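Colleague: Just passing along the structure, written as structure tokens.
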Amino acid sequence: VQLQASGGGLVQAGGSLRLSCAASRSIFEIGTLGWYRQAPGKQREFVASITSRGGMIHAPFVKGRFTISRDNAKNSVVLQMNSLRPEDTAVYSCHAAWRDSEYWGQGTLVTVSS
């Protein structure tokens, strides 16, 4: 499974960004698709995931601000990020779990200025 992430950039606090991750296989075949992030000097952490059946999980620190969803037409998983904070600044990476293997896309940098 190949994953191609896009949509990062620079935004002011309170603004929004939309990240997209296109998969090389049908997203309905892949068990779980999700997003992780890694801020400078910190460990990578889970942000959100969505299963092939549509079940979603969001990390507590993004609930009410970020929403994960699928774009079926583009065979992609989308992370809509609203009410961004400077502490959301990180490299966001797309992740897939499929047939007992894990796959990572390249990261996309999100920078939130205060």
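Colleague: Taking θ = phi - 60°, what integer Hz values does the Karplus form 6.51 cos²θ - 1.76 cosθ + 1.60 yield along region 58-71, in sequence order, with x for Gly and Pro?
Modeller: 10, 4, x, 6, 10, 4, x, 10, 10, 9, 9, 7, 10, 10
Colleague: How much accessible area per residue does the chain have, counting only protein heavy atoms and a probe of 1.4 Å, in square angstrom?
Modeller: Ligands and nucleic acids excluded, the result is 54 Å² per residue.
Colleague: Run the quick spin-label model on Gln38 and Ile57: label points 7 Å from Cα toward the beta carbon, then report their separation in nm to one decimal.
Modeller: 2.0
Colleague: Still on this structure, please answer the following. Kirkwood Rh over Cα pairs of the chain into Stokes-Einstein at 25 °C, 0.890 mPa s: D in µm²/s?
Modeller: 177
Colleague: HN-Hα J couplings of region 76-92 from phi, Karplus 6.51/-1.76/1.60, θ = phi - 60°, integer Hz, Gly and Pro as x?
Modeller: 3J(HN,Hα) across region 76-92, in whole Hz: 9, 10, 10, 10, 8, 10, 10, 6, 5, 10, x, 6, 7, 4, 5, 8, 9.
Colleague: Follow-up question, since we're still on this one. In whole percent, how big is the carbon plus sulfur part of the accessible area of the chain, probe 1.4 Å, protein atoms only?
Modeller: Numbers: 2850 of 6110 Å².
Its accessible area is 47 percent carbon and sulfur atoms.
Colleague: Long-range amide H contacts for Asp71: which residues qualify at under 5 Å (H placed 1.01 Å from N, peptide plane, sequence gap of 5 or more or a different chain)?
Modeller: HN-HN under 5 Å from Asp71: Ser76, Val77, Val78.
Colleague: In whole Hz, with x marking every Gly and Pro, tabulate ³J(HN,Hα) for region 102-109 from phi via Karplus 6.51 cos²θ - 1.76 cosθ + 1.60, θ = phi - 60°.
Modeller: Values, residue by residue: 10, 9, 10, x, 6, x, 10, 7 Hz.
Colleague: Keeping all protein chains in the complex and leaving out DNA, RNA and ligands, what accessible area do you get for Ser101 with a 1.4 Å probe, in Å² to the nearest 10?
Modeller: Around 50 Å² of this residue is reachable by solvent.
Colleague: Sequence-distant or interchain residues sharing an amide H contact under 5 Å with Thr89, placed H: which?
Modeller: For Thr89, the qualifying residues are Val112.
Colleague: Right, here's the next one. Under a Cβ-only charge scheme (Lys and Arg +1, Asp and Glu -1), can you give me the dipole magnitude of region 37-114 about the Cα centre, in debye to the nearest 20?
Modeller: 140
Colleague: Shifting gears a bit: Per the Cauchy relation, a quarter of the hull surface: what is the mean projected area of the convex hull of the alpha carbons in region 15-70, in nm²?
Modeller: Mean projected area for region 15-70: 4.7 nm², to one decimal.
Colleague: Considering only protein heavy atoms, with the full assembly of protein chains and a 1.4 angstrom probe, order Ser83, Ser52 by accessible area, largest first.
Modeller: Sorted by accessible area, descending: Ser83, Ser52.
Colleague: Relative contact order (percent) for the chain, with alpha-carbon contacts under 8 angstrom and 6 or more residues of separation?
Modeller: Computed value for the chain: 37 percent relative contact order.
The values are calculated or read from the model by the stated rules, or taken from the named source; none is laboratory data. All of these numbers come straight from a predicted model, not from anything done at the bench. Please note: Cβ atoms are built from the backbone with ideal geometry, for glycine as well, and neighbour counts cover all protein chains shown. Please note that ligands, DNA and RNA were not included when accessible areas were found on the heavy atoms of the full protein model with its side chains. Shrake-Rupley method; radii C 1.70, N 1.55, O 1.52, S 1.80 Å.
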